[in-house]
Amino acid sequence: MHAVEAENVWKYFGDYPALRGASLQVNKGACLALLGRNGAGKTTLLRILANLSRPGKGEVRLLGLASHTPEARRRIGYLGHGIGVYDDLSAVENLILFGQLLNLDNPRETALNALERVGLSRVKDGLAREFSRGMRQRLAVARAFLHDPELLILDEPFTSLDDRAVAVLQKLLQDAQSRGATIIMSTHQIREAMELATDVALLERGKVAFAGPQTVVMLADPGWLYRNHGAPE
Amino acid sequence: MREKLTYALGILGTLVMLFNLNTIFGDLPDEAMQGTIFRIIFIHVPAAINADIFLFAALCASVAFLAKKNFLYDSISVACIEVATMLLLLNLVTGSIWGRNQWGIWWAWDLRMTSQLMCFLLYLGYLLVRPAIAEPTQRATMSAFISIFAFADVPLVLMAIRLPNVKTQHPGPVLETGNLAPVYQGPFALGILALFLLGTALVLVRLHQETSRREIDSLRRELHSF
Amino acid sequence: MRAGFAAAFAIARKDLQTELRTRESLTASLSFSLVILVLFSFAFDLGREELYAISGGLLWLVYSFAGALIVNRSFARELPNDCLDVLVSSPAPGWAIFLGKTVAAFFLLLIVELVSLPFFGLFYNISWWQSPGTLLLVIFLATWGIAVVGVAFSAVTVNIRLRELMLPVLLYPMLIPLLLGAIGTTTALFTRDPEALKSMGSSIQLMIVFNLIYTSLSLYIVEFILIV
């Protein structure tokens, strides 16, 4: 069984197809870097996986479950463009709220542990609006990883993170990988993604133009993938 | 094909309307109590009936859109609501003219008039909000939602105006009481038919425009997206 | 189902907590309703009889204006930092998100109403406390109706231009049946007119039907709006 199975997914904005029959399989425990130019449909595909958007045609299964079921959603962690934390709640209140939404047994304890992991336990009662940008980003990372999700969906996670937050995120991603979680992340920065990625997929005009394991040649030459599998300029 | 159908319906509707107007003004005798002005009923009531027909069609199309996500249903919905809103306005204006003649006032806060005005305002809100939503899928979804909510309000409005603290002045409905003289029944039915044909022709025109608009929008996106 | 109610409770608590912390819409709505009360007293110069005759209408106009300000913030509160995405992608079903937000809006509006009610009595010299139980029931019913329809339209308009202007355009016509019921009963309760008091039942019935229809419709349909 695959962790992510997207079958012939179409997404329309009006009559305009943003996704045109994208199909993608991600193995359990893999870390997939989803590459593609602006407007290729990366965010649209990830939003469909995270159940923020409904596909016009096609089917999406996460961890063997239909993507819209609560059981599937309980097992995924999502980090989008926005940090997704409430400015007027304290760090620990934010995480407790998401723990309650996830129906965790002990939201408070889980929240405190998560703050520990991202190095925010000292300021757990501070309001998110009082935090520096980097701290808010770490709080967002803590939120996405709160319930040790089996599948992580990250939309350009490294964009606009500060160094410390990047370090925290990379550490958490490595931990997640070592406990067998599946990661799917979109990125522009091919180099950063390649450090973690085991697999690579390239989206071109709403279709998956290439999908396969990451190879040495991609690491050595970031433009290789686009030259060999991308659409001509 | 669609173009021919549109023209056919439009022409047919116009002919029925002209024939009917000829009968109404030429052949029918004045009504005993009201005199000449009673003839407005052959526009006034058919407008209201047709408005309800098109609003119901819009409701069905809205539910179908939410279920099927096919944009044709969204176009049907907006086309029907535009035509229905226009018919409601026609109904209100003709009623107001009749009221001025018979009661000496343009407007009374009577239960039927109030309910028609509320209905008009509800769907006016729909037409105002639509252009404010830029993304077509979102626009269609939100519009379907508003259309369903607005239609659910219609029976409630009818219930509200029957509350004891709301007054009434409007004459009783001739259709329910059945005391429309036989000589008036033919023109009355033709009046309904004429507005239905013309309304359907307008819906088809708007449907065509909406489809073109979606195509243009998608071509623009195609052009600017890569 | 139980997980949904737990999530709804968590969301309602979160909304109330943040609102009581910042008091953004609460103060705005409260001061707005007081300003309107004052404005009305300038606008109409009425005798005691006439004042009682329009008292219910006056009160519910103020409350529905205040209500629009409260529900406007309901989903707009989720816009900064894309918090709505996080709510929607969580296991909480759409109806639970909607229910939580409606409960929060209900209580916020209730606070505004109960605080401005004594001012209303004071400014217009109306004895409103004669049958507190029935009045409270009417206020509960109409406030729930305003909250349900208002929060539903707040979800519809959250992403559109001129959100603050569009919401009232949609909201008020939809609320007319509910407000007619509330106005009728409230006026009857203030004037103590025996005839009007006797016919209060049908108004209360109407408000209950309104709430049942729109609550069930919203809970059922909201998933389609949140996930487009």
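The values are calculated or read from the model by the stated rules, or taken from the named source; none is laboratory data. Keep in mind the model is a prediction, meaning the values are calculated, not measured. Glycine gets a Cβ as well: all are built from the backbone with ideal geometry, and neighbour counts include every protein chain shown.
Residue by residue, here is whether (1) within 14 Å of chain A (Cβ to nearest Cβ); (2) free of Cβ contacts under 8 Å to residues at least 12 places away in the same chain holds:
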position: B:Ile81; (1), (2): no, no
position: B:Leu122; (1), (2): no, no
position: B:Ala140; (1), (2): yes, no
position: B:Leu156; (1), (2): no, yes
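Every condition in (1) in contact with a Pro (Cβ under 6 Å, 6 or more places away or on another chain); (2) among the polar types (S, T, N, Q); (3) surrounded by 23 or more Cβ atoms within 10 Å (Cβ to Cβ) is met by A:Asn94 except one, and the failing one is (1).
Those residues that are assigned to a helix (DSSP H, G or I), without any contact (Cβ under 8 Å) to a residue 12 or more places away in the chain and at the interface with another protein chain (Cβ under 7 Å from one of its Cβ atoms), I need them from segment A:65-89; list them, please. Scanning segment A:65-89 gives a single hit, A:Pro70.
Only one of the listed residues (B:Ser96, B:Ser62, B:Ser147, B:Ser75) is more than 10 Å from every other protein chain (Cβ to nearest Cβ), of a type outside the set (A, V, I, L, M, F, W, C) and either touching a Lys or Arg at 6+ places or on another chain (Cβ under 8 Å) or not in a helix (DSSP H, G or I) (or both). That residue is B:Ser75. Taking segment A:31-63 as the range and being of a type outside the set (A, V, I, L, M) and either more than 13 Å from every other protein chain (Cβ to nearest Cβ) or assigned to a helix (DSSP H, G or I) (or both) as the test, the residues that pass are A:Cys31, A:Lys42, A:Thr43, A:Thr44, A:Arg47, A:Glu59, A:Arg61.
Per this entry, C:Ala66 is counted among residues that are under 22 Å from C:Val151 (Cβ atoms), away from chain A (no Cβ under 12 Å) and not β-branched (Val, Ile, Thr).
Of all residues in segment A:160-192, those satisfying the criterion of being assigned to a helix (DSSP H, G or I) and in contact with a strand residue (DSSP E or B) (Cβ under 8 Å, 6 or more places away or on another chain) are A:Leu173, A:Ala176, A:Gln177, A:Ile190.
Pick out the one residue from B:Leu202, B:Leu219, B:Leu193, B:Leu156 that is farther than 28 Å from B:Gly104 by Cβ, crowded, with 18+ Cβ neighbours inside 10 Å and at pLDDT 85 or above.
Values: B:Leu219 fails: crowded, with 18+ Cβ neighbours inside 10 Å; B:Leu193 fails: crowded, with 18+ Cβ neighbours inside 10 Å; B:Leu156 fails: at pLDDT 85 or above.
Only one candidate qualifies: B:Leu202.
Among the residues of segment C:167-187, some residue qualifies, meaning at least one is within 9 Å of another protein chain (Cβ to nearest Cβ), assigned to a helix (DSSP H, G or I), over 17 Å from the mean Cα position of the chain (by Cα) and farther than 18 Å from B:Met159 by Cβ. When A:Ser23 is tested against (1) touching a strand residue (DSSP E or B) at 6+ places or on another chain (Cβ under 9 Å); (2) crowded, with 19+ Cβ neighbours inside 10 Å; (3) more than 12 Å from chain C (Cβ to nearest Cβ); (4) among the hydroxyl-bearing types (Ser, Thr, Tyr), only condition (2) is not met.
Residues that are closer than 30 Å to A:Gly84 by Cα, away from chain A (no Cβ under 14 Å), among the β-branched types (Val, Ile, Thr) and surrounded by fewer than 19 Cβ atoms within 10 Å (Cβ to Cβ) do occur in segment C:25-45, at least one of them. Considering (1) in a helix (DSSP H, G or I); (2) at pLDDT 90 or above, the lone condition that A:Glu195 does not fulfil carries the number (2). In the list B:Ala201, B:Ala189, which residue meets the criterion of being in contact with a Gly (Cβ under 6 Å, 6 or more places away or on another chain) and away from every other protein chain (no Cβ under 14 Å)? Just one listed residue meets the conditions, B:Ala201. Of A:Phe145, A:Phe98, A:Phe210, all but one fail to be in contact with a Lys or Arg (Cβ under 6 Å, 6 or more places away or on another chain) and closer than 30 Å to A:Gln25 by Cβ; the exception is A:Phe98. Just one of the numbered conditions (1) within 14 Å of chain A (Cβ to nearest Cβ); (2) closer than 18 Å to C:Leu170 by Cα; (3) among the β-branched types (Val, Ile, Thr) is not true of B:Thr114: (1).
Among all positions in segment C:132-148, there is at least one residue which is within 13 Å of the chain's Cα centre (by Cα), within 11 Å of chain B (Cβ to nearest Cβ) and closer than 19 Å to C:Gly94 by Cβ. Among residues belonging to segment C:210-221 that are out of contact with any Pro (no Cβ under 9 Å at 6 or more places or on another chain) and among the β-branched types (Val, Ile, Thr), point out the one that is modelled with the highest pLDDT. Going through the qualifying residues, I end up with C:Thr215.
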